[in-house]
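The values are calculated or read from the model by the stated rules, or taken from the named source; none is laboratory data. Since the model is a prediction, treat every value here as computed from it, not as a measurement. With ideal geometry, Cβ positions are generated from the backbone for all residues, glycine too; neighbour counts draw on all protein chains shown.
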Amino acid sequence: MSQKQLVQVFEQYQKSRLHFVQTVADLATRPQNVELLQNAGVMPLLRPLVLDVVPSIQQTAALALGRLADHSNSLAEAVVAENILPQLVHSLTSQNRFYKKAAAFVLRAVAKHSPELSQEVVGCGGVDALVLCLEEFDPGVKEAAAWALGCVARHDASLAQAVLDAGAGPLLVLCLQEPEVALKRIAASTLSDICKHTPELAQTVVEAGAIAHLALMMLSRDAKLKRQLFSALSQISKHSVGLAEMVVEAEVFPAALASLRDPDEYVRKNVATLMREVAKQTPELAQLIVNCGGLAAGVDYLGSCRGNLRLPGIMMLGYVAAHSESLAKAVILSKGVPQLALCLSEESEQHIKAAAVWSIGQIGQHSSEHAKAVATSNLLPKLLELYTDASSSEDLQAKSKKALKNILQKCTFLQALEPLLYDAPSSILKHVVCQFSKVLPHDSKARRLFVTSGGLKKVQEIEAEPGSALQESINTINSCFPEEIVRYYSPGYSEVLLQRLDSYQPA
């Protein structure tokens, strides 16, 4: 055999290997092929090709593995079982940028599925290798590494801590300062995934200088970047007063409010979430949201969206109102109550209704004026309906009962209370009757209206246990009227009159 023929044999072998990995990589892009490839034993065949002497074969083999692992938990486990991860990690520090991106993709595809698989990536030194990739010159390598680190960190606090322990925090903050928008997005997303777990993790990210750089990007026109930066700021703010104050001190407000009108619905949702997380912390932070026009912007936001997008806005109003009478009054003046009533009528999801009910309760619980604002929006019958409806979830029923009880204890607007006399169960009825017993002794006009509307008659029909709070309230109401009027409206009185008629002898 000549030297030329011998070279041709090796060239043909190389071409066959390259053709194989390219074909597998292409086939792996279509879900219907993945199970067939696995059944054909593709994993053991790809494993040696990840260490091939030809760089293009290495990279394409890694790409094929990543696509397979990305498809399902079982395929990711198969990659781990073949002991491929240590090989990838070992090569990650020495190969070219194309291989590094492909290897990082495999680690990301494995880690995304579960904490257990993420732990496998940590255990084989994958996180340390990925952090080294964050120091690469090539932005594509940094992006691939940051994405993989985010997939590790998102599962739980211990995995996020492993990412920070490897030194990722300051490097991810540096990535925020790079000119490439795609890299900024992934870095912000990964920081958000780290911060969400505990105050300590969020504090570590803050100490690396993240807040200032996230705040600087608020004016970006890139919707995906804005989604991630507002998410990260929300995850930082949610943990404590101190962290929320640090976000506010970066002058995030009122600039963030402009993004409540962003064309991208998830940008708007994440801004509303940030407002919620800040507002819930202290009355002072809630007041800051009010002062910068956050309530009016939040109410407008609720009117422009539907479904789960409404949830953070609904809760933001509730958190603001919960702090004090004056803040609840600010929600009322911003037309928050009619907007919450609209959310309650338009939404079908139980958890959204429960959030709206909770916020309504936070507004109406403070004083008679606050309760009247809720009552005049015709919300008391709606709350009663949700409480008594058997199809309502336990949470919705519990929140409806609590909100109704808290509002009723402050409500002196009798016109709104009277319909509840006819429909409310005893657990709610006692609060309704109690309010009448507080108001009627001091309001002659209300007493007259109470008789003519049928309210007094209805009260006489209520069966209350002797000595109970309900019976005491009924007694107080009855003492507001002449005895003959009370007797006239008592059940059975008409029969007594008829009996007297039967025995009456005219003179």
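Answer with yes or no whether Glu349 is of a type outside the set (S, T, N, Q) and exposed (fewer than 15 other Cβ atoms within 10 Å of the Cβ). Judged against the criteria, Glu349 is a match. Condition check: modelled with pLDDT of 80 or more, surrounded by fewer than 17 Cβ atoms within 10 Å (Cβ to Cβ) and assigned by TED's automatic domain parsing to the domain that holds Gly126. Does Arg30 satisfy that? Against the criterion (modelled with pLDDT of 80 or more, surrounded by fewer than 17 Cβ atoms within 10 Å (Cβ to Cβ) and assigned by TED's automatic domain parsing to the domain that holds Gly126), Arg30 qualifies. The single condition from (1) closer than 23 Å to Ala145 by Cβ; (2) assigned to a helix (DSSP H, G or I) that Leu37 fails is (1).
Quick grid of which residues meet (1) surrounded by 24 or more Cβ atoms within 10 Å (Cβ to Cβ); (2) out of contact with any Lys or Arg (no Cβ under 9 Å at 6 or more places or on another chain):
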| residue | (1), (2) |
| --- | --- |
| Val131 | no, yes |
| Lys142 | yes, yes |
| Ala148 | yes, no |
| Arg154 | no, no |
| Ala160 | yes, no |
| Gly169 | no, yes |
| Pro179 | no, yes |
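Checking each residue in the stretch 359-414 for being among the small types (Gly, Ala, Ser), within 24 Å of Ala279 (Cβ to Cβ), surrounded by fewer than 18 Cβ atoms within 10 Å (Cβ to Cβ) and touching a residue at least 24 places away in the same chain (Cβ under 8 Å) picks out only Ser367.
Residue-by-condition table, conditions (1) surrounded by 22 or more Cβ atoms within 10 Å (Cβ to Cβ); (2) part of a loop (DSSP other than H, G, I, E, B); (3) in contact with a Leu (Cβ under 8 Å, 6 or more places away or on another chain); (4) not assigned by TED's automatic domain parsing to the domain that holds Ala145:
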site: Leu46; (1), (2), (3), (4): yes, no, yes, no
site: Thr60; (1), (2), (3), (4): yes, no, yes, no
site: Glu77; (1), (2), (3), (4): no, no, yes, no
site: Ser91; (1), (2), (3), (4): no, no, yes, no
site: Phe98; (1), (2), (3), (4): no, no, no, no
site: Lys101; (1), (2), (3), (4): yes, no, no, no
site: Ala104; (1), (2), (3), (4): yes, no, yes, no
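On the stretch given as the stretch 454-471, residues that are assigned to a helix (DSSP H, G or I), crowded, with 16+ Cβ neighbours inside 10 Å and of a type in the set (A, V, I, L, M, F, W, C) total 3.
Among the residues of the stretch 36-52, is there at least one that is at pLDDT below 80, among the acidic types (Asp, Glu) and within 18 Å of Phe98 (Cα to Cα)? Yes: the stretch 36-52 contains one or more residues that are at pLDDT below 80, among the acidic types (Asp, Glu) and within 18 Å of Phe98 (Cα to Cα).
For the stretch 200-213, check the following and say yes or no: at least one residue is touching a Cys at 6+ places or on another chain (Cβ under 7 Å) and either in the same structural domain as Ala111 (by TED's automatic domain parsing) or not hydrophobic (A, V, I, L, M, F, W, C) (or both).
Scanning the stretch 200-213, I find no residue that is touching a Cys at 6+ places or on another chain (Cβ under 7 Å) and either in the same structural domain as Ala111 (by TED's automatic domain parsing) or not hydrophobic (A, V, I, L, M, F, W, C) (or both), so the answer is no.
Listed by first and then second residue, the pairs linking a residue in the stretch 94-113 that is free of Cβ contacts under 8 Å to residues at least 60 places away in the same chain and closer than 11 Å to Leu63 by Cβ to a residue that is in a helix (DSSP H, G or I) and among the basic types (Lys, Arg), with Cβ atoms under 9 Å apart and 6 or more places separating them unless they lie on different chains, are Phe105/Arg67; Ala109/Arg67. With respect to (1) closer than 21 Å to Gln235 by Cβ; (2) without any contact (Cβ under 8 Å) to a residue 24 or more places away in the chain, the lone exception for Glu284 is condition (1).
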